[in-house]
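First comes the structure, then the notes that go with it.
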Amino acid sequence: QVQLVESGGGLVQAGGSLRLSCAASGRTFNSLAMGWFRQAPGKEREFVAAISRSGGSTYYGDSVKGRFVISRDSLKNTVYLQMNSLRPEDTAVYYCNAGSAGPTPTMTGFYWGQGTQVTVSS
């Protein structure tokens, strides 16, 4: 069983930055594709970013391209989401996601974290 634990959420002003972390355990880290989704109140879940098992491929949702960067550290079994130039519309609960084949922009992985709140004030 894979456990995913997110951290790094919080309150930030528009234009600011935050870095989310997701620590994975329970399975060989390099066997997992990793990524992030978000869900704002009253809205559907939205794909944010994903990174392949090797780290050689990354994917981003259109709304975050050029502002967010996903990376992974195999020594720490952790995936990061560096969020820059944050906007009020980035406010959401951010969920870490992992799996063998996904996440990708069109599919989710099997495993989910508990979520971390990101709030961007205007």
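The values are calculated or read from the model by the stated rules, or taken from the named source; none is laboratory data. Predicted model, so just to flag it, every value in this text is computed and none were measured. Counting neighbours? That spans all protein chains shown, and the Cβs are built from the backbone with ideal geometry, glycine included. Just the protein is used for accessible areas: all its heavy atoms, side chains included, with ligands, DNA and RNA removed. Shrake-Rupley method; radii C 1.70, N 1.55, O 1.52, S 1.80 Å.
Miscellaneous remarks
- Near residue 59: Cβ cut-off under 14 Å, other residues only, Lys/Arg at +1 and Asp/Glu at -1. The net charge is +1.
- When 19, 72 are compared by accessible area of protein heavy atoms, the largest-first order is 19, 72, using a 1.4 Å probe.
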